[in-house]
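I have placed the structure first, in the form of structure tokens, so that the comments after it can refer back to it.
The values are calculated or read from the model by the stated rules, or taken from the named source; none is laboratory data. Every value quoted in this text rests on a predicted model; they were computed, and no experiment measured them. Here the Cβ is made from the backbone with ideal geometry for all residues, glycine too, and neighbour counts use every protein chain on show. All accessible areas refer to the heavy atoms of the entire protein, side chains included, with ligands and DNA or RNA removed. Shrake-Rupley method; radii C 1.70, N 1.55, O 1.52, S 1.80 Å.
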Amino acid sequence: MTVHEPEQPARHPDGSLAEGTRRAERSDHSSWNWLLLLPLLATLIPPLYNRVDPTLSDIPFFYWYQLAAIGIGVSTTLIVYVKSRG
Amino acid sequence: MFDNVNTVELAVFTALFVAVSALGFVAARWRRPDTLDHLDEWGLGGRNFGSWITWFLIGGDLYTAYTFVAVPALVFGAGAIGFFAVPYTIVVYPIVFLVLIRLWSVSHVHGFVTPADFVRARHGSSTLALLVAITGIVATMPYIALQLVGIEAVLKAMGVTGHIPIIVAFTILAAYTYNSGLRAPALIAFVKDTLIYIVIIVAVIVIPYKLGGWDEIFGAAEAKFKASPNPGDGVILAGPAQLQYATLALGSALALFLYPHSITGVLASRDRNVIKRNMAALPAYSFILGLLALLGYMAIAAGITPITNDAGKADSNTIVPLLFSEMFPSWFAGVAFAAIGIGALVPAAIMSIAAANLWTRNIYKEYLNKDATPKQEARSSKLASLVVKVGALLAILALDPQFSIDLQLIGGIIILQTLPAVALGLYTRWFHRWALIAGWVAGMAVGFWTTYQIQQKLFNADGTITVVKEHFGGSGFPLAELGFDTTSSIYAGFLALLANLVVCAVGTLILRVTKAPEGIDRTKPDEYFADQDDPRLRDIAGVMN
């Protein structure tokens, strides 16, 4: 993690920023955010995984698929975090 | 009180419990603040927790003892539907990822402690803020009470009966929460979660091995559900149950971070990156929860029969403790029980702190003592945390615990009704404040009406159906009741939220046409992106308080 010097913009006595020193409009917008929909699609449509076969070491698909889907959740949020790290 | 007690289990359990309680008192000196007489310190641990502490704290907060006991119990009883806890805790983090960092930012700029603080500033309506605060308190209370049910299940499995042990445990909890505030559960969470991880990992390796493999376990479960006349159970979802499964997972996920205790954990973190990192790291708990759910099937394969309670009903919450007792040597069963018991203390502490903060900030300071100093606020919260815990204790001891279980079921549905004001409010001010109030009323009405209609049915072997419970029998509302030609059910909270949103939208349009007065928004757009290095942080909060 990089440590950077906080800027010290000119301010009014009440603590608000003076006009003109306001930082460039910040936002959380990023096309990477769309990735966050992936875990929802993967888990909120039960017909995708509501079956017994193929089993994985005797565990029905229904269970090991959803446990594996945790990995989808982790990797997508991780990617979005890394891409948006401030 | 102590007939047939397993002394080794009880000794290990008690030793760990006492050690953790000591930790709770020591916590007041941990990351020592200048004073604990400020809500930012007592109620939010100094607003400075880093990634690790936050991970343990929120993990310990969301994945409660009751969850650990009730989810396997549901899988034990009904099968696949109980596994909804896994998709629920998968989707929650991507859903709230962007929302929580906005909430964190605006809360830090303004010094908000509760979600209702935000609502008041954003929508300029103290009535709406009061509704959000009351909703939060009402939804949290039964949740605290249910943590006692978790402890009770463990005590029963060890052979300890009667109410005195629970009263003692909760008194200790109340004392160190009063003393140390949020630092106590944060520190204890390290112990709790470490124990939970060890126990579950050992359990999913040792128990299937002892039972002859996963094939045996799922085979036993399948045989049980095949023999059962209930069409809704099974190792995979029955067709009509799929809609309920998905809406229950989504609805629960939307509700989770509206609970005041979840928000307390989020606001206690140091910066936006701490929250983002945790959204990626918290699913580790979901994995443990998924494995835990499978303990329900292991209990079936092991032939566990739940302990019958005083009312003569089988208490399925006892199956996991009983399974541990049967499968593990006594000393390790003691460790496992301690994990669950301590697992009840962390969320109970955070929940009581969150409810107390709501009381202080949005009722006491708003209506009773407008000029309250930070010290008076902290004092009010500390006392309220005691009152909340006594209330939870009475709810379990004096009333039927079933009452708390029903209330908690409704708790998820009512907290969901704060979504438009809090979560959507973070993104838009399009909704009129009065429409948000009307939507809340509509959502509450639909939520209560639907859950009141839901019966709990027992399917008899001869094909007849006995209604075990006339009202509040679950959260799956049959769509047929609305005139749809289907046997599918839908999560009642979902319907309530839809009604809420429709009323919010229609109400806003009407109020705009009639030019009803808008509330004043005290937040500014770029405050929703402020981070820890922002020079305005806290300065502004200082000016405003």
| Estimated translational D of the range B:93-221 in µm²/s (Stokes, Kirkwood radius over Cα pairs; 20 °C; 1.002 mPa s) | 111 µm²/s
| query | Near B:Val422, within a Cβ-to-Cβ distance under 12 Å, what is the net charge of the other residues, with Lys and Arg +1 and Asp and Glu -1? | reply | +2
| query | How much length is gained on full extension from B:Asp533 to B:Asp400, taking 0.36 nm per residue of separation minus their Cα-Cα distance? | reply | 42.8 nm
| field | Relative contact order computed over the range B:207-342 (Cα-Cα under 8 Å; 6+ residues apart), in percent | value | 25 percent
| message | Suppose R0 equals 22 Å. What FRET efficiency, 1/(1 + (r/R0)^6) with r the Cβ-Cβ distance, do A:Asp53 and B:Glu216 give to the nearest 0.05? | response | 0.75
| From phi via Karplus (6.51, -1.76, 1.60), per-residue ³J(HN,Hα) for the range B:344-354 in Hz, x at Gly/Pro | 7, 6, 4, x, 4, 5, 5, 4, 5, 5, 5
| said: If you scale each eigenvalue of the Cα gyration tensor by 5 and take the root, what three semi-axes come out for the range B:353-458, rounded to whole angstrom and sorted largest first? | reply: 28, 25, 9
| query | Which of B:Ala384, B:Thr450, B:Ala492 sits farthest toward the positive end of the charge dipole of chain B, with +1 on the Cβ of Lys and Arg and -1 on the Cβ of Asp and Glu? | reply | B:Ala384
| What order do B:Thr360, B:Thr161, B:Thr487 take when sorted by accessible area (1.4 Å probe), most exposed first? | B:Thr487, B:Thr161, B:Thr360
| request: Tell me the label-point distance for the pair B:Glu470, A:Ser30, using the 7 Å Cα-to-Cβ offset, in nm and rounded to one decimal. | output: 5.6 nm
| message | Which residues does the label zone of B:Asn4 cover in the range B:290-322, counting backbone N under 18 Å from a point 7 Å along Cα→Cβ? | response | B:303-322
| Per-residue HN-Hα couplings for the range B:197-205 [Karplus 6.51, -1.76, 1.60; θ = phi - 60°; Hz; x = Gly/Pro] | 4, 4, 4, 5, 5, 4, 4, 6, 8
| task | Give the relative contact order (percent, whole number) for chain B; include only Cα pairs under 8 Å separated by 6+ residues. | result | 29 percent
| request: Using only the alpha carbons of the protein assembly as shown, determine the length spanned along each of the three principal axes and report them from longest to shortest in whole angstroms. | output: 75, 57, 47
| Using heavy-atom solvent-accessible surface (probe 1.4 Å) with all chains present, what is the largest-first order of B:Thr67, B:Thr486? | B:Thr486, B:Thr67
| query | Taking amide hydrogens as modeled 1.01 Å from N in the peptide plane, which residues meet the under 5 Å criterion relative to B:Phe477, leaving out close sequence neighbours? | reply | B:Ile490, B:Tyr491, B:Ala492
| said: Under 26 Å between alpha carbons, and skipping anything fewer than 8 positions from B:Lys156 in its own chain: which lysines qualify? | reply: B:Lys192, B:Lys210, B:Lys224, B:Lys313, B:Lys389, B:Lys469
| remark: Length gained if B:Val202 through B:Val502 is fully extended, taking 0.36 nm per residue and subtracting the Cα-Cα distance, is 103.1 nm
| request: Compare B:Trp440, B:Trp434 by solvent-accessible area with a 1.4 Å probe and give them largest first, with all protein chains kept in place. | output: B:Trp434, B:Trp440
| query | Could you give the distance between the Cα centres of the range B:8-54 and the range B:187-258, to the whole Å? | reply | 31 Å
| note | Taking Lys and Arg as +1 and Asp and Glu as -1, residues besides B:Phe332 with C-beta under 15 Å from its C-beta add up to -1
| message | On a full-extension model of 0.36 nm per residue, what is the gain between B:Ala227 and B:Asp521, subtracting their alpha-carbon distance, rounded to one decimal in nm? | response | 99.8 nm
| For B:Pro347, net neighbour charge (Lys/Arg +1, Asp/Glu -1) across residues whose Cβ lies under 13 Å away | 0
| field | Selected from B:Ala333, B:Ala372, B:Ala344, residue furthest toward positive end of dipole (the range B:312-373; charges at beta carbon) | value | B:Ala372
| query | For the range B:430-518, what size does the Cα cloud have along each of its three principal axes, sorted from largest down, in whole Å? | reply | 63, 23, 14
| query | For the range B:375-382, in order, what is each residue's ³J(HN,Hα) by Karplus, 6.51 cos²θ - 1.76 cosθ + 1.60 with θ = phi - 60°, in whole Hz (x at glycine and Pro)? | reply | 5, 5, 4, 4, 5, 4, 5, 4
| task | Provide the three semi-axes, in whole Å and in decreasing order, of the ellipsoid equivalent to chain B as defined by the square roots of 5 times the Cα gyration tensor eigenvalues. | result | 37, 30, 20
| field | Estimated inter-spin distance, B:Thr486 and B:Gln455, nm [label 7 Å along Cα→Cβ] | value | 2.2 nm
| task | With everything on Cα atoms, drop me the angle between helix B:164-180 and the longest principal axis of chain B, reported from 0 to 90° to the nearest 10. | result | 30 degrees
| B:Arg31 to B:Ile510: FRET efficiency via 1/(1 + (r/R0)^6), r the Cβ-Cβ distance, R0 56 Å, to the nearest 0.05? | 0.65
| request: Among B:Gly474, B:Ser21, B:Phe403, flag the residue with its Cα farthest along the positive direction of the charge dipole of chain B, charges on Cβ as +1 for Lys/Arg and -1 for Asp/Glu. | output: B:Ser21
